[in-house]
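**Q** Mind having a look at this structure? Questions to follow.
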Amino acid sequence: MTKQIAVLVGSNSKTSFNQIVAKYLQSIAPASIQLNLIEIADLPLYDRDFDDNSPAQYARFRQQIKDADGVLLISPEHNGGLSAMLKNAIDIGSRASGQSLWIGKPAGLVAVTATDGAGVSGQLKAIANAHYINMKVLPEVVNVAGIFGGVFNEQGEIVSEEVKQKLQNFIKDFADFVQ
């Protein structure tokens, strides 16, 4: 049976390299997994006052995470760290207290950055392993680094054969990990 994977992308820009990477991963994913892009840009900032009366966007998002067999977190680097949009989504999925939807879900982590991606990767790992998150994280993290150095062409396509191979190896390993 095909496993359903929630893909959270921490950038919603029309020219987002993160969205390009997510769509590329969708196009090369093994048949054993289906990558489903989950809308997170419309989520209001997490506020515990919403725990008892959540906005509709929270309910939709939480149901999508609940239904997923695994999760891919794809983040740009914003000032040395992961994006606020992605962190907000993670927070929403971990609340209300004692109701985290992340616990035990297989997770794959991808950083898409201008630098080496180590800061974002480290933060993603730390958050995914945090007490109220506690996902089963694929040890291999993909850093799509140096995004302004020939990874993409002007049409927004991945042209680096090294990056393509890295992503192909990652998505195959992630599919095996989820199974």
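The values are calculated or read from the model by the stated rules, or taken from the named source; none is laboratory data. This is a predicted model, so every value here is computed, not measured. Ideal geometry is used to build each Cβ from the backbone, glycine not excepted, and the neighbour counts take in all protein chains shown. The accessibility values were calculated without ligands, DNA or RNA, using every heavy atom of the protein model including side chains. Shrake-Rupley method; radii C 1.70, N 1.55, O 1.52, S 1.80 Å.
**Q** Please give the FRET efficiency for Arg60 paired with Asn12, using the beta carbon to beta carbon distance and R0 = 25 Å, rounded to the nearest 0.05.
**A** 0.95
**Q** Quick check: the distance between the Cα centres of region 68-82 and region 136-178, to the nearest angstrom?
**A** Between the Cα centre of region 68-82 and that of region 136-178, the gap is 13 Å.
**Q** Which value results when the Cα radius of gyration for region 101-179 is divided by 2.2 N^0.38 Å?
**A** 1.20
**Q** Which FRET efficiency value, to the nearest 0.05, do you get for Asn53 and Ala130 by plugging their Cβ-Cβ distance into 1/(1 + (r/R0)^6) with R0 = 41 Å?
**A** Plugging the Cβ-Cβ distance into 1/(1 + (r/R0)^6) gives 0.95.
**Q** Rounded if a/c is under 1.5, else prolate if a/b beats b/c, else oblate: with a ≥ b ≥ c from the C-alpha gyration tensor eigenvalues square-rooted, which is region 1-53?
**A** oblate
**Q** Please compute P(r) over all alpha-carbon pairs of region 42-170, binned at 10 Å starting from zero, and give each bin as a whole-number percent.
**A** Calculated P(r), rounded to whole percents: 12, 39, 32, 15, 3.
**Q** Calculate what fraction, in whole %, of the accessible area of region 14-161 sits on carbon and sulfur atoms when a 1.4 Å probe is rolled over the protein chains.
**A** So the carbon and sulfur contribution to the accessible surface is 50 percent.
**Q** Here is a follow-up. Between Lys3 and Glu39, how high is the FRET efficiency from 1/(1 + (r/R0)^6) when r is the Cβ-Cβ distance and R₀ = 30 Å? Nearest 0.05.
**A** Efficiency, rounded to the nearest 0.05: 0.90.
**Q** Can you give the calculated 222 nm mean residue ellipticity of the chain, where each DSSP H run of n ≥ 4 adds -39,500 (n - 2.57) and the sum is split over every residue, rounded to the nearest 500 deg cm²/dmol?
**A** It comes out at -11000 deg cm²/dmol, rounded to the nearest 500.
**Q** I need the trypsin sites (Lys or Arg not before Pro) found in region 1-68, filtered to DSSP loop residues with at most 12 other beta carbons within 10 Å of theirs.
**A** Lys14
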